[in-house]
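Have a look at the structure below, then the notes.
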Amino acid sequence: MSDLLQIKNLTVEFQTDDGPVEAVRNVSFNIPKGKTVGLVGESGSGKSVSSLAVMQLIPNPPGRVKNGEIIFDGENLLDHSDAKMRKVRGNRISMIFQEPMTSLNPVFTVGDQIIESLMLHKKMNKKQALDRAIELLDQVGIPDPKTRVHAYPHEMSGGQRQRVMIAMAISCEPELLIADEPTTALDVTIQKQILELIADLQKKYGMSVLFITHDLGVIADIADDVVVMYRGDIVEKGTTEQIFKQPKHPYTKGLIACRPMLEQNPARLPTVSDFMTVDGKEIDYKATPVEKTVRPITSDQPVLLEIKNINKHFPLHKSFFGKVTEWLRAVDGVSLKVHKGRTLGLVGESGCGKTTLGRTILRLIEPTNGDIFYNGTNITELNKEEMREMRKKMQIIFQDPYASLNPRMTIGMAIMEPMIIHKIGKNKQEQMDRAASLMEKVGLKPEMLNRYPHEFSGGQRQRICIARALAVEPDFIICDESVSALDVSVQAQILNLLLDLQEEMGLTYVFISHDLAVVKFFSDEVAVMNKGKVVEMSDAVSIYKSPKDPYTKKLLEAIPRGIPKTMLPSS
Amino acid sequence: MIRKSQNSLWNDAFQRLKKNKLSMVCLFIIIAYIILALGCKLGLFFPSFNETNNAISYQAPSAEHWFGTDFMGRDVMARAAHGTLTSLTVGLWGTGLAVIIGTLLGSLAGYFGKLVDEGIVWLYTTIDTIPYILLVSAFSLVLGPSLYTLCIAIGLTTWVGLCRVVRAEFIKHREKEYVQAASSIGASHARRIFTHILPNVFHIVLIQFSLGFVSTIKSEVILSFLGLGVEPGTPSWGVMINNAKQELARGVWWGLASATLLMFVLVLAFNLFNDALRDALDPKLKNKS
């Protein structure tokens, strides 16, 4: 079997203020003809840089390829002139990006964007190109392609836009398709469709695919071979089955173990640091996994939060006289109960109303109608002052740790602010001491208190956000997609931290996520939301074992198994 | 690895600014002007700028009077130096007033939206429709020409641009998660506006202040040239340029030359410094750490 692409000893260097940094070191791997190679690693591991090097799209300066060869079909791409490279790019090698919302030009119709490369590379005239574009849209599963070809990107959903991106990428029938996290921004059900589409097209055109992702579950579904990268180095490569059955490198082992899986019920997630030290030394990890048990609701766990028939409607269209003619029912008659010291998981796809519900519970968004009882008090009836008092007990941790900390405030100030507002602690020194002990509680060094948020990694920032939420000693915390923006290994650490804190402080959580596997691991009860309504609610294990609602079933089926097809029990 | 909070974003910006040699030269020029103006104010430099001597009117530059004398026999160099004081005073107070009004109204409009926003937008669109010179002359006519009238007139008419920019930034920031996080811990409106959002848009205010400063200096010159500026007798570049209308016919060029030269160097330094400041403070140009 011949290799379409060979990367040999590739080193890419970036100039920074602190001198040159090697983003990728001595990386070598091959992509065989007609096969899919999965490139896995966390953010900053160098996986995207490697693929950009293949396309010669590394911004120079500050980046440059220091040494190595990239042999595509017998020719070293690094020797190609700009003009020659342009003939390869988009024609023989093409690329799909992560963010379908921003990678299409909003002022052109999707047809215009597809025919551009057809006219450029295949020398078609406009009529031929348009016919081909319609054919391509049909192939990627866009309904009614003849009219949709004239649609603008904003008229399409995220999944459809990603399909258009794929249509553009395959328009010139490339020999190699580079897919850089193509499904990360999509819902699981859409992700499944896109993955199937890529696999189908690959068979049809006999393409090779380089599939880049941080999600091992996706890799298991789609890749033939896997390359694992860690901090610019390749730590392991092999067939998908080898990697999943007998991972050799401790990092790979950790990566596979730390991902919550639907089939298992661990009480805690192992993390990469259980398998290796930061500099890559293996730790002998032999802890026997403790099975999570279904905790029955005990008598000392009274109902802490009860939501009765809550609605939040947003006006969509107004008539000329200002009368609302159409409403968006973001939250539509939801009733829930959360018991003290337990976790309710709220799961659903984007736009199902789970985030709106979470913010409505805290009255960050005012509900249209309905009642919210917290510890017997109806908080929808509280005035501003009483509500401020109530905020001491109810806290929220947001999704994006980059956006939820004020960049102009030291993290010490961020953690102390709630104490200042609620007059906790006698003086500044006492508040400072409390902030320091909170830092330790969430696993950070207290010396870091006078640093600014941009000096921290995503996981560290999320720890800071947790510390800030804990500063007022709340009983109840809403975690709104709090681990979704983090790498899997970091996600496992944060989930474990949240579990530890729950045990230690008796916290009650509402855990909002789109990831059913994470919700199942983390929650006692799970509520599935669709179109503003709760369609099913049950304890975490039985909702997975015997889902009743068809929507829940669909959601469960769409989750990548995280096991290669050849290893599934049925095959 | 204990580091002090030396690398705040402001500090980063200053470090970047320091690397730009040209901007540092400009900063020194601006500081030199400020020292000159302060010296004039305290009477250290050119205390005899108002001394008239009709016997030596319109003398060409000489060893005694480097820039010559004007029609009343006053030293042109002293007049021009004191013109710096007038310019910088108007620049500081005029722009300062505009920045305070613009920032305050802009943040209220952007943060609260709805009726507050509509009211403030109505106010600034109305002010914006009246020609600027007309508005300033109305102020001067009502309050009588003086340095402080000029500051108030400029301040009350030039806040619109800044108000728009600040309003837009506040609309962008009020939906951000860090502001929601602040409201979830019970922070009041004032706290959200002044401790959270304002520091995040303050670099824009600073840049606008610096830009406004230059245009205010130019406004003072133009208004004084038109006779709407400072009261008669106050040294001002605009008055000097205005006088040059008659002087040039008689071959007297030094009054015009010295006022123009001083203004040219100051405005150039300010403009170049502004460009560097904008680059240094723009978070988009900053590489992520």
For this session: Scan segment A:216-241 for residues that are among the acidic types (Asp, Glu) and either assigned to a strand (DSSP E or B) or closer than 17 Å to residue A:45 by Cβ (or both) and jot them down.
Result: A:225, A:233, A:236
Exercise. Pairs under 7 Å by beta carbon, first residue farther than 15 Å from residue B:254 by Cα in segment B:63-89, partner aromatic (Phe, Trp, Tyr) and surrounded by fewer than 22 Cβ atoms within 10 Å (Cβ to Cβ), six or more apart or different chains?
Worked result: B:82/B:46; B:82/B:49; B:84/B:33; B:88/B:33
For this session: Scan segment A:118-128 and give yes if some residue there is in contact (Cβ under 8 Å) with a residue 24 or more places away in the chain and either surrounded by fewer than 17 Cβ atoms within 10 Å (Cβ to Cβ) or within 27 Å of residue A:13 (Cα to Cα) (or both), otherwise no.
Result: yes
For this session: Inspect all residues belonging to segment B:222-239 and state whether any of them is of a type outside the set (Phe, Trp, Tyr), within 14 Å of another protein chain (Cβ to nearest Cβ) and not in a helix (DSSP H, G or I).
Result: no
Problem set entry | Lone qualifier among A:395, A:431 - being of a type in the set (S, T, N, Q), closer than 22 Å to residue B:190 by Cβ and more than 13 Å from chain B (Cβ to nearest Cβ) | A:431
Exercise. Would segment A:409-418 turn up any residue that is in contact with a Cys (Cβ under 9 Å, 6 or more places away or on another chain), within 13 Å of another protein chain (Cβ to nearest Cβ) and crowded, with 21+ Cβ neighbours inside 10 Å?
Worked result: yes
Seminar exercise, completed: Reported set for segment A:440-488 where residues are touching an Asp or Glu at 6+ places or on another chain (Cβ under 9 Å) and among the hydrophobic types (A, V, I, L, M, F, W, C) is A:448, A:471, A:483, A:485, A:488
Problem set entry | Qualifying residue in segment A:325-348 (condition: surrounded by fewer than 14 Cβ atoms within 10 Å (Cβ to Cβ), within 14 Å of another protein chain (Cβ to nearest Cβ) and at pLDDT below 90) | no
Exercise. Pick from segment A:49-79 the residues that are of a type in the set (S, T, N, Q) and closer than 13 Å to residue A:10 by Cα: which of them is modelled with the lowest pLDDT?
Worked result: A:56
Exercise. When you go through (1) surrounded by fewer than 22 Cβ atoms within 10 Å (Cβ to Cβ); (2) farther than 30 Å from residue B:166 by Cβ one by one for residue B:76, which number turns out not to apply?
Worked result: (1)
Seminar exercise, completed: If we ask which residues in segment A:507-537 are basic (Lys, Arg) and either crowded, with 22+ Cβ neighbours inside 10 Å or in a strand (DSSP E or B) (or both), their number turns out to be 2
Problem set entry | Residue tally, condition within 10 Å of chain A (Cβ to nearest Cβ), assigned to a helix (DSSP H, G or I) and not polar (S, T, N, Q), over segment B:174-188 | 5
For this session: Could you please find all residues in segment A:378-402 being in contact with a strand residue (DSSP E or B) (Cβ under 9 Å, 6 or more places away or on another chain), in contact (Cβ under 8 Å) with a residue 24 or more places away in the chain and surrounded by fewer than 22 Cβ atoms within 10 Å (Cβ to Cβ)?
Result: A:393, A:399
Seminar exercise, completed: By residue number, the members of segment A:450-465 that are more than 18 Å from the chain's Cα centre (by Cα) and of a type in the set (Ser, Thr, Tyr) are A:452
Exercise. Hey, any hits in segment A:180-197 for a residue that's touching a helix residue (DSSP H, G or I) at 6+ places or on another chain (Cβ under 7 Å), part of a loop (DSSP other than H, G, I, E, B) and within 27 Å of residue A:119 (Cβ to Cβ)?
Worked result: yes
Problem set entry | Sole residue being surrounded by fewer than 21 Cβ atoms within 10 Å (Cβ to Cβ) and away from chain B (no Cβ under 14 Å), chosen from A:447, A:504, A:455 | A:504
Seminar exercise, completed: Being under 27 Å from residue A:195 (Cβ atoms), touching a helix residue (DSSP H, G or I) at 6+ places or on another chain (Cβ under 9 Å) and of a type outside the set (Lys, Arg) narrows A:104, A:130 down to just A:104
For this session: Please state which of the following conditions residue A:44 fails to meet, knowing it meets all the rest: (1) in contact with a helix residue (DSSP H, G or I) (Cβ under 7 Å, 6 or more places away or on another chain); (2) at positive phi.
Result: (1)
Problem set entry | Complete set of residues in segment B:165-213 that are more than 22 Å from the chain's Cα centre (by Cα) and β-branched (Val, Ile, Thr) | B:171, B:179, B:185, B:193, B:195, B:197
Seminar exercise, completed: Selection from segment A:5-19 of residues part of a strand (DSSP E or B), closer than 21 Å to residue B:15 by Cα and over 30 Å from the mean Cα position of the chain (by Cα) yields A:19
Seminar exercise, completed: Filtering segment A:525-556 down to residues that are in contact (Cβ under 8 Å) with a residue 24 or more places away in the chain, charged (D, E, K, R) and touching a strand residue (DSSP E or B) at 6+ places or on another chain (Cβ under 6 Å) yields A:525, A:533, A:539
Problem set entry | So residue A:105, is it of a type in the set (S, T, N, Q) and within 25 Å of residue A:233 (Cβ to Cβ) | no
Exercise. So which residues in segment A:398-408 are within 7 Å of chain B (Cβ to nearest Cβ) and either more than 26 Å from the chain's Cα centre (by Cα) or not hydrophobic (A, V, I, L, M, F, W, C) (or both), if there are any at all?
Worked result: A:400, A:404, A:406, A:407, A:408
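The values are calculated or read from the model by the stated rules, or taken from the named source; none is laboratory data. This is a predicted model, so every value here is computed, not measured. For neighbour counting, all protein chains shown are included, and Cβ atoms are generated from backbone atoms with ideal geometry for every residue, glycine included.
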